[in-house]
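A short worksheet on the structure shown next.
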Amino acid sequence: MSNVFPSRHPLVAHKLSRLRATGTPPVEFRKLTGELSSLLAYEATANLKTDSIDVTTPMGAATGATLNANIALAPVLRAGIGMVAGIHTLTPDAAVWHIGLKRDEHTLEPIEYYVNRPTDAAERTCLLLDPMLATGGSASAACSLLKSWGAEIIKYIGLIAAPEGVSRLQQDHPNVPIHVAGVDSHLNDIGFIVPGLGDAGDRQFST
């Protein structure tokens with residue numbers, strides 16, 4: 001579990017509890033998804049590089065810092081879309097690469113249906129956004145796709161993970177750190193995380 005980073009922040013724990021609750025309506029679910037994504041991205045980007053700069057303050061000179069990293073957000077459609085806006089508040093200049101993957105309900109394996117391939121993947125720190133790390137199939141496929149584009153630095157950010165999904169992603173992509181709000185107990189027989197929060201896409205978009 002050395003590359004798995006479940007958040008220990010009290011705000012994350014509080015918001016995750018609201019997100020799980022069956023009584024949380026879609027409008028609040030979307031709001032909480034954005035807020036949690038922002039908090040998790042804050043933790044995931046703690047090691048981004050900066051350059052020193054000189055800053056003039058009202059009281060004199062100071063040494064400051066400026067970000068020396070190009071960032072890309074790669075949401076896995078459709079549920080990952082709800083994570084973008086919250087992270088964009090922190091990194092408004094980040095590029096967004098959409099990855100369309102859906103899970104075959106019988107085999108639980110990912111099916112690719114849309115991508116928009118960038119030309120500068122090797123130059124960016126890529127934040128892969130997918131709320132639920134369940135079987136790990138979609139996350140692994142998305143990582144393979146990003147690497148095929150030339151991405152060298154990839155960080156997975158999700159809301160909840162199952163041990164099965166963590167193991168799959170670690171096995172297939174051991175160099176990808178996993179940042180989540182929590183790691184749950186297990187997957188059930190239809191591939192849902194237990195206790196989880198249900199279907200993140202359905203709950204966001206009232207479907």
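Here are the numbers for the structure shown:
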quantity: Value of [θ]222 nm, deg cm²/dmol, for the chain, DSSP H segments ≥ 4, -39500 (n - 2.57) each, nearest 500; calculated: -9500 deg cm²/dmol
quantity: Rounded tilt (10° steps) of 10-20 against the dominant C-alpha axis of the chain; calculated: 30
quantity: 0 to 90° range, to nearest 10: angle between helix 137-148 axis and the chain longest Cα axis; calculated: 40
quantity: Given charges at beta-carbon only (K, R positive; D, E negative), |dipole| of the chain in Debye; calculated: 340
quantity: Span from the the stretch 94-112 Cα centroid across to the the stretch 29-74 one, whole angstrom; calculated: 29
quantity: The chain - Debye-derived log10 I(q)/I(0), Cα point model, q = 0.08, 0.12 Å⁻¹; calculated: -0.27, -0.59
quantity: The chain: relative contact order in percent, alpha carbon pairs under 8 Å with at least 6 residues between; calculated: 23
quantity: Cβ-based exposure ranking for M83, M59, in which fewest neighbours within 10 Å come first; calculated: M59, M83
quantity: Selection from N116, L146, L128 lying farthest towards where the dipole of the chain points positive, charges on Cβ; calculated: L128
quantity: DSSP-assigned coil residues among GluC sites (Glu not before Pro) in the stretch 19-112, each with at most 16 further Cβ atoms within 10 Å; calculated: E105
quantity: Chain lengthening between E152 and N70 when straightened (0.36 nm per residue, less Cα-Cα); calculated: 28.3 nm
quantity: 0 to 90° range, to nearest 10: angle between helix 26-44 axis and the chain longest Cα axis; calculated: 50
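Every number here is computed from the coordinates shown, using simple stated rules; none is lab data. Only a predicted model underlies this, so the values are computations on that prediction, with no experimental measurement involved. Methodologically, a virtual Cβ is constructed for each residue, glycine included, from the backbone with ideal geometry; neighbour enumeration extends over all protein chains shown.
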